[in-house]
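The values are calculated or read from the model by the stated rules, or taken from the named source; none is laboratory data. Everything numeric here is computed off the predicted structure, so don't read it as measured data. FYI the Cβ positions are ideal-geometry reconstructions off the backbone, even for glycines, and counts take in every protein chain you see. We work out accessible area using only protein heavy atoms, side chains counted, and drop any ligands, DNA or RNA first. Shrake-Rupley method; radii C 1.70, N 1.55, O 1.52, S 1.80 Å.
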Amino acid sequence: MTDTNKNPGEKLTVAPSKPLSLKRSVEQGVVRQSFSHGRSKAVVVEKVKRRVGPGEGKVEAAPPPAPAAAPAPSAPAPTARRSAPPPAGRGSAAAGPAPRSSGVVLRTLTDEERNARAHALADAKVREAEERKIAEEEARRRVERETRERAEREASEARKREEDERRRHDEETKKRAEEEAKKRFGDAEAKPATTPTPTAPTRTPVDVRSIVPEVDEDEAPRPRRGGAPGRPAPAPAPKPTRGGTEKRRGRLTLVTALAADEVRERSVASFRRRVQRMTGHRDTETKEKIARDVVIPESITIQELANRMAERGVDVIKLLMKQGQMAKITDVIDADTAQLLAEELGHTVRRVSEADVEEGVFDVADAPETLKPRPAVVTIMGHVDHGKTSLLDAIRTTDVAGGEAGGITQHIGAYQVMSPSGAKITFIDTPGHAAFTAMRARGAKVTDVVVLVVAADDGVMPQTIEAIQHAKAAKVPMIVAINKIDKPDAKPERVRTELLQYEVQVESLGGDVLDVEVSATKKLNLDKLLETIGLQAEILDLKANPDRPAEGTVIEAKLDRGRGPVATVLVQRGTLKLGDIIVAGAEWGRVRALISDTGDNVDSAGPSTPAEVLGFNGIPEAGDRLAVVESEARAREVTAYRTRQRRDNMAARASGMRGSLEQMMSQLKTAGRKEFPLVIKGDVQGSIEAIVGALEKLGNDEVGARILFAGVGGISESDVTLAAASHAAIIGFNVRAHKEAREAAEQSGVEIRYYNIIYDLVDDVKKAMSGLLAPTLRETMLGNAQILEIFSVSKVGKVAGCRVTDGKVERGANVRLIRDNVVIHEGKLSQLKRFKDDAREVLAGQECGMAFESYQDMRVGDVIECYRVEQVQRTL
């Protein structure tokens, strides 16, 4: 842009102008805002003017474009060509004055821009339609909400009106009753007054509430006619603070600091709280008490009980004090007391115990449609040496009896055989020795059928009677197998007759007990025995669900070097598989291997199948129930509870001797009892159990066996250390000591004895315990002598001249001095002389001289009784 002088002859001058100054481009104003709860706030509003440039004031605003020029999607606006600027110079001056620029540059739109504008307009229409739809939906929801709120408000108002009506009716009734009482009271006073007396007027007590109507707190007080002020409002005006101004509350921020002229007022909630404080919570309604379902364990603290009931601990302690029990909030109370307290406070009680962690592990019922037939479990029981194992060997065509030490069974075994009919039968072989009572009882608990083996030449024996009792206690059917019928002195009929004494009546005698005559050595009637077992199993209709987690019983457990803890398990329900997490007693583990009775590795074991299980983290006890759980956490939870329970039981047994008076008396009886300490190590859990039971039965009131430790496995160095500290002996049953343990035993002088037959073990321990018994003193009479004369000998004292009347008198023997048939003195002979010579013994009819040790009071006519004391060793 160039400036040119239109009149070249004129001088350029600058016109005087006004003095330069800066105008304020910002205008300020104050606007006061009002909020809810009576609050207000002053806000400063600033208006900023736009500064105008030097050439912008003269440019005329471009006229608004015509509506036809607006671009449309269907007909785009015609494009205007940009006119080129004319060249500067004379030509432009000659063409006349140039048109004034409007400040708006017009150009034609390209196709892309037109398409973009068209798409933008289409999107705008779509958005507008969606926004309209959303607005309609929100309007509909708002109408519904307003309708619902209006209905709730009307219902609330109706309830309020009913409450007001009820209150008004109660007030009217009360007022009417007070007026009637006032009238009756006035009449009663007026009757005795026959003559008026100038006394002061009596004032009748009138309830102010019946005269002065109640005024709502929201209503203003009404002035009376006489101009007296009305009743004051229930909530008086707040008192001014000490400084004269109300105390500022809230946080000090920049906005509150700048707004100095702001007037802060009380909120509605603060005003309501103040009114409640002033009126003493008159309008507060009593809350309805909530009855809760309280879970109470076996023991609980008072604080925890109060928390579960949502009650104050003080209230619970008050109830306890009413019952005569002083307690602190941290004291532990039992479940019965906690139940009484909770029911007293109106709550519902649900009792739980720590044993609930075992719920769902055992005895989960199966649906009838899931049950399938399973093999029968048969336990062979009977007296020792009646041929139980030989009978089972004949059935299995094996030689288990030959492998047992001493020819007697000392381990419980489980085997599975195939019957002639094709069905499987699981046999459990139990020991017959008297010490294995628990093992036989364990076999009877897991069985379906009991085969009672009785020798035909021996008849019913003590363990036979015990087996009958076990079978009856387990409530299982019994089959009598009369063995050894091939012997010449076999009498099967005598066996049947003897069984009648114990309520076992066989079929041949009109009973319901099956009996079979067999011979294990000749293999006679074995197929008939198997058929009888199969028939009994069909009658029982044995079924189980194989498609569920396994449950079973530990028949035997041992510690195998190289394989770790090994448990012989009989699966009763479900299927035990590799990798299952199992729990048995206080031990748990994961199944690493399953070994069948034939020694083969298998992947699973179904119902009624015996198997050896590897993978326990410890040795379970024989007789423990086994179950499969879902996770390791559940297994740890169950085993931790059982371990804690076992520890508590042991502690209770240890401290139970000081319980009752009877226990204290028995403890006094055994106070001077000698103990024979022992450390026992065995090959399997069942043998340990049998040995401990047999040794505990030994002894009497004077001596008894004390089992320091009994465990499964070889004798270790720790066992030797324990035995050395307690001066005990170590007994190994079918196990041996480690090399380090043998060396430690030799150094410390601990005796280690090895046994493989339980008879020898029990006999040796009995002999050793007999050595602890005090020997018995037995007196043997030697003879009598009568004093004829008393002599006094210097340096010796008194010497009695005697004649031996019967027997003989020996020097050094024990004597009694009897006077008038009363024993005066007991002692020993110090000297025995015959004619001034020392004599070894004096026979009857001869005279002698006697002197007593430390006794001189002898008289003529006294009788001297001579005897000898012998010690006799006692035995258990």
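Do we find a residue being closer than 20 Å to Gly693 by Cβ, open to solvent by 60 Å² or more (accessible area, probe 1.4 Å), in contact (Cβ under 8 Å) with a residue 24 or more places away in the chain and touching a helix residue (DSSP H, G or I) at 6+ places or on another chain (Cβ under 9 Å) anywhere in the range 742-756? Among the residues of the range 742-756, at least one is closer than 20 Å to Gly693 by Cβ, open to solvent by 60 Å² or more (accessible area, probe 1.4 Å), in contact (Cβ under 8 Å) with a residue 24 or more places away in the chain and touching a helix residue (DSSP H, G or I) at 6+ places or on another chain (Cβ under 9 Å), which makes the answer yes. When the range 626-645 is filtered for residues that are more than 27 Å from Arg561 (Cβ to Cβ) and either touching a strand residue (DSSP E or B) at 6+ places or on another chain (Cβ under 6 Å) or in a loop (DSSP other than H, G, I, E, B) (or both), the ones remaining, listed by number, are Ala627, Val628, Val629, Glu630, Ser631, Val638.
Figure legend. Inter-residue proximity from the range 161-174: first residues on the phi < 0 side of the Ramachandran plot and free of Cβ contacts under 8 Å to residues at least 40 places away in the same chain, second residues of a type in the set (Asp, Glu) and open to solvent by less than 100 Å² (accessible area, probe 1.4 Å), beta-carbon distance below 9 Å, spacing 6+ or different chains. Indicated pairs: Lys174/Asp207.
Being touching a strand residue (DSSP E or B) at 6+ places or on another chain (Cβ under 7 Å), without any contact (Cβ under 8 Å) to a residue 40 or more places away in the chain and closer than 22 Å to Lys522 by Cβ is the filter here; which residues of the range 449-504 pass it? The answer is Val480, Ile482, Ile485, Asp486, Pro492, Arg496. Considering every residue within the range 621-642, establish whether at least one is touching a Gly at 6+ places or on another chain (Cβ under 9 Å) and surrounded by fewer than 16 Cβ atoms within 10 Å (Cβ to Cβ). Within the range 621-642, not a single residue is touching a Gly at 6+ places or on another chain (Cβ under 9 Å) and surrounded by fewer than 16 Cβ atoms within 10 Å (Cβ to Cβ). Taking strands (runs of 3 or more DSSP E) as the structural unit, those lying wholly within the range 789-876 and holding at least 1 residues that are open to solvent by 70 Å² or more (accessible area, probe 1.4 Å), in contact with a strand residue (DSSP E or B) (Cβ under 6 Å, 6 or more places away or on another chain) and of a type in the set (A, V, I, L, M, F, W, C) correspond to 822-834, 841-843. Scanning the range 646-689 for residues that are outside any helix (DSSP H, G or I) and at pLDDT 70 or above yields a total of 12.
Restricting attention to the range 809-835 and to residues that are free of Cβ contacts under 8 Å to residues at least 40 places away in the same chain and of a type in the set (D, E, K, R), the residue that is nearest to Asp857 (Cα to Cα) turns out to be Glu826.
Scanning the range 483-507 for residues that are over 13 Å from Ile468 (Cβ atoms) and polar (S, T, N, Q) gives Asn483, Thr497.
I'd like to check something: does the range 578-590 contain any residue that is aliphatic (A, V, I, L, M) and surrounded by fewer than 18 Cβ atoms within 10 Å (Cβ to Cβ)? Yes, some residue in the range 578-590 is aliphatic (A, V, I, L, M) and surrounded by fewer than 18 Cβ atoms within 10 Å (Cβ to Cβ). For the range 514-561, a residue qualifies if it is part of a helix (DSSP H, G or I) and basic (Lys, Arg), and exactly one does: Lys528.
For the range 738-750, filtering for residues that are closer than 20 Å to Asp683 by Cβ and assigned to a loop (DSSP other than H, G, I, E, B) leaves 1.
Conditions (1) among the charged types (D, E, K, R); (2) at pLDDT 85 or above; (3) surrounded by 18 or more Cβ atoms within 10 Å (Cβ to Cβ), marked per residue:
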position: Tyr415; (1), (2), (3): no, no, yes
position: Met439; (1), (2), (3): no, no, yes
position: Pro462; (1), (2), (3): no, no, no
position: Ile479; (1), (2), (3): no, yes, yes
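Within the range 690-699, can one find any residue that is of a type in the set (A, V, I, L, M), over 22 Å from Arg673 (Cα atoms) and assigned to a loop (DSSP other than H, G, I, E, B)? No, the range 690-699 contains no residue that is of a type in the set (A, V, I, L, M), over 22 Å from Arg673 (Cα atoms) and assigned to a loop (DSSP other than H, G, I, E, B). Of all positions in the range 771-782, at least one carries a residue that is touching an Asp or Glu at 6+ places or on another chain (Cβ under 8 Å), outside any strand (DSSP E or B) and within 30 Å of Val815 (Cβ to Cβ). In the condition set (1) in contact with a Pro (Cβ under 7 Å, 6 or more places away or on another chain); (2) open to solvent by 60 Å² or more (accessible area, probe 1.4 Å); (3) not acidic (Asp, Glu), Leu777 is compliant with all but (1). Looking at Thr337, is it without any contact (Cβ under 8 Å) to a residue 60 or more places away in the chain, of a type outside the set (A, V, I, L, M) and surrounded by 16 or more Cβ atoms within 10 Å (Cβ to Cβ)? Yes, satisfied.
Of all residues in the range 562-577, those being assigned to a loop (DSSP other than H, G, I, E, B) and either under 24 Å from the mean Cα position of the chain (by Cα) or surrounded by 23 or more Cβ atoms within 10 Å (Cβ to Cβ) (or both) number 1.
Listed here are the residues, each with its yes/no results for (1) at pLDDT below 80; (2) open to solvent by 60 Å² or more (accessible area, probe 1.4 Å); (3) touching a Leu at 6+ places or on another chain (Cβ under 8 Å).
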site: Val255; (1), (2), (3): yes, yes, no
site: Glu262; (1), (2), (3): yes, no, no
site: Thr301; (1), (2), (3): no, no, no
site: Arg308; (1), (2), (3): no, yes, no
